[in-house]
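See structure below.
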Amino acid sequence: MQNFTGTHPTAVALRERSEIATATGNGRVGSIDARDIAAAAAAALLAPEPPNTRYLLTGPETLSYSQVAEIVGEIAGRTIRHTALTAAQLTARWTTAGLPETLARTATDLDTAISHGDYDYTTPDVQDLTGQAPRRFQDFATEHRDTLQARVPASHD
């Protein structure tokens, strides 16, 4: 979820162009708040008997990036569009944004996997580890309303 705030290229594009550009198509993903990851890790590390299992942490719901754009737009008070790119277009965008080419290709491969439905699931692992449900994207976005409302025109150096 933090990819939509801060200096992540997705957050920059959101602020500068009111755009979320992906190669995910209509694929859905169970995005998770980094605070839920931290809480789950702390719970596992501090357990009286450390669990001997593998956890797969997700948020509580799967959303497409079109749905994410709609939620962010509603909270930010402006239209946010989801721009569907090809894998090659996305890799080019990532490298233009400063990502090394190998990392850009890895990020694009993730989008391709999302487009094929590989990440369209959630797990109960955050709840099981922490006793708390993971944050919904709507709640995360509402909490970060000021950041999501900020518009910064693209710099043209």
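Out of everything in the range 39-54 that is closer than 30 Å to Thr22 by Cβ and touching a residue at least 40 places away in the same chain (Cβ under 8 Å), what residue ends up being most open to solvent (accessible area, probe 1.4 Å)?
As a first pass, look at the range 39-54 and keep what is closer than 30 Å to Thr22 by Cβ: 39-41, 54.
After this cut, where a residue has to be touching a residue at least 40 places away in the same chain (Cβ under 8 Å) as well, the list is 39-40.
Values: Ala39: 45, Ala40: 2 Å².
Checked the range 39-54; the qualifying residue most open to solvent (accessible area, probe 1.4 Å) is Ala39.
Please list, ordered by first then second residue, the pairs with beta carbon atoms under 6 Å, 6 or more apart or interchain, first in the range 98-116 and touching a residue at least 24 places away in the same chain (Cβ under 8 Å) and assigned to a helix (DSSP H, G or I), second surrounded by 13 or more Cβ atoms within 10 Å (Cβ to Cβ) and hydroxyl-bearing (Ser, Thr, Tyr).
Thr108/Thr91; Asp111/Thr22; Asp111/Thr24; Ile114/Thr24; Ser115/Thr24
What is the residue count in the range 55-70 for residues that are open to solvent by 30 Å² or more (accessible area, probe 1.4 Å) and either of a type in the set (Val, Ile, Thr) or part of a helix (DSSP H, G or I) (or both)?
The initial filter retains those residues of the range 55-70 that are open to solvent by 30 Å² or more (accessible area, probe 1.4 Å), namely 55-57, 60-61, 65-67, 70.
Cutting the leftovers down to either of a type in the set (Val, Ile, Thr) or part of a helix (DSSP H, G or I) (or both) gives us 65-67, 70.
Final tally of qualifying residues: 4.
Looking only at the range 71-97, count every residue that is without any contact (Cβ under 8 Å) to a residue 60 or more places away in the chain and of a type outside the set (A, V, I, L, M) and tell me the total.
Residues of the range 71-97 without any contact (Cβ under 8 Å) to a residue 60 or more places away in the chain: 73-74, 88, 91-92, 95-96.
Still in the list and also of a type outside the set (A, V, I, L, M): 73-74, 91, 95-96.
Number of matching residues: 5.
Collect the residues in the range 26-38 that are surrounded by 18 or more Cβ atoms within 10 Å (Cβ to Cβ) and in a loop (DSSP other than H, G, I, E, B), keeping them in residue-number order. So that I can check it myself, show each step before the final result.
First, the residues of the range 26-38 that are surrounded by 18 or more Cβ atoms within 10 Å (Cβ to Cβ): 27-33, 36.
Listed by number, the residues that qualify are Gly27, Gly30, Ser31, Ile32, Asp33.
Does Ala69 satisfy the condition of being under 13 Å from the mean Cα position of the chain (by Cα), of a type outside the set (Val, Ile, Thr) and at pLDDT 95 or above? Quick ask: steps written out before the conclusion?
Numbers: under 13 Å from the mean Cα position of the chain (by Cα): yes; of a type outside the set (Val, Ile, Thr): yes; at pLDDT 95 or above: yes.
For Ala69, the condition - under 13 Å from the mean Cα position of the chain (by Cα), of a type outside the set (Val, Ile, Thr) and at pLDDT 95 or above - is met.
Could you grab me the full set of residues in the range 84-137 that are of a type in the set (A, V, I, L, M, F, W, C), under 30 Å from Leu46 (Cβ atoms) and open to solvent by less than 40 Å² (accessible area, probe 1.4 Å)?
Residues of the range 84-137 of a type in the set (A, V, I, L, M, F, W, C): 84-85, 87-88, 90, 92, 94, 97, 99, 103-104, 107, 110, 113-114, 126, 129, 133, 137.
From the residues that got through so far, the ones that are under 30 Å from Leu46 (Cβ atoms) too are 126, 129, 133, 137.
Listed by number, the residues that qualify are Val126, Leu129, Phe137.
Could you pull out the residue among Thr79, Thr123 that is over 29 Å from Leu56 (Cβ atoms), modelled with pLDDT of 95 or more and assigned to a loop (DSSP other than H, G, I, E, B)?
Testing whether each residue is over 29 Å from Leu56 (Cβ atoms), modelled with pLDDT of 95 or more and assigned to a loop (DSSP other than H, G, I, E, B) leaves just Thr79.
All but one of (1) surrounded by 14 or more Cβ atoms within 10 Å (Cβ to Cβ); (2) under 18 Å from the mean Cα position of the chain (by Cα); (3) farther than 24 Å from Glu70 by Cβ hold for Ala21, so report the exception by its number.
(3)
Which of the residues spanning the range 146-157 are surrounded by 12 or more Cβ atoms within 10 Å (Cβ to Cβ) and either modelled with pLDDT of 95 or more or hydrophobic (A, V, I, L, M, F, W, C) (or both)?
Leu148, Ala150
The values are calculated or read from the model by the stated rules, or taken from the named source; none is laboratory data. Not measured: the values here are computed from a predicted model. Note that each Cβ is placed from the backbone with ideal geometry, even for glycine, and that neighbours are counted across all protein chains shown. Heads up: the accessible areas ignore ligands, DNA and RNA and are worked out on the full protein's heavy atoms, side chains in. Shrake-Rupley method; radii C 1.70, N 1.55, O 1.52, S 1.80 Å.
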